[in-house]
Amino acid sequence: MLKNILDLSRFNKKLIMLLIDSITVVIVLLLSFSTRMGYWYIPEQDVMFLIISSPFLALPIFTYFGLYKAVIRYINFIVLLDVLKAVLLYSLIWGMFGFLTAPQEIPRSIIFINCAFSILSIGGLRVFAYFLFKNSFSQGNNQKNSLIYGAGEAGIQLVSVLEHSSSSFPIGFIDDSKELQGRKIKGLNVYSVDEIANMIHDVDEILIAMPSISKLKKLSIINKIDLYPLKVKVLPGMEELVNGKVELSDLREISINDLLWRDIVEPNKNLLSKNITNKTVLVSGAGGSIGSELCRRIILLNPKVLILYEISELALYNIQKELSSVNTLPKNIYPILGSVNDKNRMTRVFQKFNVDTVYHAAAYKHVPMVELNTTEGVNNNIFGTLNCALVAMEQSVETFVLISSDKAVRPSNTMGATKRIAELILQSLSAKQEITKFTIVRFGNVLGSSGSVIPLFKQQIKDGGPLTVTDQKVVRYFMTIKEAVELVIQSGAMGLGGDVFVLNMGNPVKIDDLARKMVRLSGLQIKDSSNPGGDIEIKYTGLRPGEKLFEELLIGDNVSDTENPLIMRAKEDMLTWDELKLILEDLKLSSKDFNYKEIRSILIRVVPGFKPQSPIVDILHKN
């Protein structure tokens, strides 16, 4: 029955309310007279006309005060206040009309009795319907019971929004303020975070409505909530809210960025613009994770020309289309299809545009993939870098910045070894000339990059598991792409030539802990021997070829600070160009001949600390 009423159109529901109110005001008037007379009063014809015609007076007044615009299941104090105003006005006008038109005198007390009874009946019916339909609607439409973390202004706004939502229903606040705990705000109790345990079976999700708090405070709150298998959503910072107003669409799921605490250092605007503003900038690997984010940031810094150099046609098309849609001067963006191994094409590009700054992000960086395709990793990461660097020198490029990796430090895989040799190339070329400033920036994993574990975990949770973790002890450093790119640009501007800059990645994160936290914050439970009825299982697959448990950022201990506390300058051993040139010639021949044993031997000889974690597994290798 209730479901049938809920399924009616808004117009039909309004007709039902009009009919009920019409009957109610008539019955209330009869009761008012009977109460005043002390017996069941049967009015005479003229008084009966006044009573029967009362809806023609009441309903327009009720409509004027918006009593039929309010949705009953979301009724609140404001609606009841409108009921009070409407009934008072209706009772007063009806009484005056009765005194003027009734042939026999109507007792003055009837006005007050009618007013009191009308308030109780008109308002009471709506309150009754509110509780009746609230439960029915929640059950029929799978509304989630929500606790609002934060009883401040944003939390109160969010409650008002949720009262008109079909997806979530607010059942209370959580707040750390002891002054607020135990009180009621907007009719909802305010609880402490410790009381969640007693409500766990009645709560579906927790909505963090504290947009002004620091990232450290937000992480502290998330860690408290993490004890319970409840879905968690969060409002963004105040700067992301439109006019400071909360909307339901502002709520988003907890991201990995919310789980990592790092000191936020505002970028130095002078360093950001130094090598970019009014300069001709080329980004190699412009369609990749780092390369595309570099392009997004560079275009905001007003370069004279931005050249997108990329071997993947689809990736190049996507980033060129994206940048052109937001750039006010799309004609200064040039998409160039090409390989970093095509030195002639690169030379032509550098000559035509007179390039000032290069950000070399083109690289094969997926560890297991490079292990399976060793020669391509060598050709792209080593000789592709060599080609770019030599062309930059020949064309008198001012600044050349290499995007390196923490896997270049005491590498356990081919990818890391090739990136370390790429670093050695820039160090040695820098020492033999003073035209181009070569700079190396080394950092760890970035969130959301291709091959990142975070998107994989999200998809696996969506698919119902299992989550695949290589090893229970494996740890990794993480940084957002946006932050990494801003630090890369600033590092390049600080470079004097041959510098190795290392980004402060904060504390390493245990991947197993991260996986478990992501499951719990999705409102699910880990399925294991202690909880066989859980939702998501974690499966340990073992380290893949070339992987190691821990990554490092520094080869030695000779490191100094810079003006940015998140950027360190490392002093590391290097080879002269004459020494390195002979090694590269041998490596080139070995790669051309697909001599995998010799390739590995050279890499071990050149890269200190290179200890391969797996045998040669290249697909084309003859065992």
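Quick look at the numbers
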{"read-out": "Every residue from the range 490-530 that is in contact with a strand residue (DSSP E or B) (Cβ under 6 Å, 6 or more places away or on another chain) and acidic (D, E)", "value": "D499, D512"}
{"read-out": "Residue list for the range 582-615, filter: of a type outside the set (S, T, Y), in a helix (DSSP H, G or I) and either surrounded by 14 or more Cβ atoms within 10 Å (Cβ to Cβ) or within 43 Å of the chain's Cα centre (by Cα) (or both)", "value": "I583, L584, D586, L587, K588, E598, I599, R600, I602, L603, I604, V606"}
{"read-out": "Cβ pairs under 7 Å, 6+ apart, first in the range 478-499 and over 17 Å from F400 (Cβ atoms), second assigned to a helix (DSSP H, G or I) and of a type in the set (K, R)", "value": "E486/R297"}
{"read-out": "Number of the exception - G498 against (1) within 19 Å of the chain's Cα centre (by Cα); (2) at pLDDT 80 or above; (3) within 22 Å of I290 (Cβ to Cβ)", "value": "(1)"}
{"read-out": "Single unsatisfied condition, G152 versus (1) over 23 Å from the mean Cα position of the chain (by Cα); (2) buried (at least 18 other Cβ atoms within 10 Å of the Cβ); (3) not basic (K, R)", "value": "(1)"}
{"read-out": "Top-ranked residue in the range 519-572 [being among the β-branched types (V, I, T) and at pLDDT 70 or above; ranked as farthest from V474 (Cα to Cα)]", "value": "T562"}
{"read-out": "Flag for S530 being among the polar types (S, T, N, Q), assigned by TED's automatic domain parsing to the domain that holds I440 and over 28 Å from L207 (Cα atoms)", "value": "no"}
{"read-out": "Test result for G338, closer than 23 Å to Q395 by Cβ, touching a His at 6+ places or on another chain (Cβ under 8 Å) and surrounded by 17 or more Cβ atoms within 10 Å (Cβ to Cβ)", "value": "no"}
{"read-out": "Residue in the range 11-19 that is over 18 Å from F97 (Cα atoms), in contact with a Ser or Thr (Cβ under 7 Å, 6 or more places away or on another chain), modelled with pLDDT under 75 and surrounded by 11 or more Cβ atoms within 10 Å (Cβ to Cβ) present", "value": "no"}
{"read-out": "Residue under evaluation P335, criteria (1) over 31 Å from the mean Cα position of the chain (by Cα); (2) part of a strand (DSSP E or B), criterion not met", "value": "(1)"}
{"read-out": "Verdict on K407 being within 18 Å of S339 (Cα to Cα) and basic (K, R)", "value": "no"}
{"read-out": "Selected residue [among the small types (G, A, S) and farther than 15 Å from L603 by Cβ] from A408, A363", "value": "A363"}
{"read-out": "Criterion (modelled with pLDDT under 95 and surrounded by fewer than 15 Cβ atoms within 10 Å (Cβ to Cβ)) met by exactly one of S312, S325", "value": "S325"}
{"read-out": "Selection status of S450, within 23 Å of M505 (Cβ to Cβ), at pLDDT below 90, outside the structural domain of L390 (by TED's automatic domain parsing) and polar (S, T, N, Q)", "value": "yes"}
{"read-out": "The range 510-549, residues that are surrounded by fewer than 19 Cβ atoms within 10 Å (Cβ to Cβ) and under 30 Å from A417 (Cα atoms)", "value": "K510, D512, D513, K539, Y540, T541, G542, L543, R544, K548, L549"}
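The values are calculated or read from the model by the stated rules, or taken from the named source; none is laboratory data. Computed from a predicted structure; not experimentally measured. Every residue, glycine among them, receives a Cβ derived from its backbone with ideal geometry; neighbour counts consider all protein chains shown.
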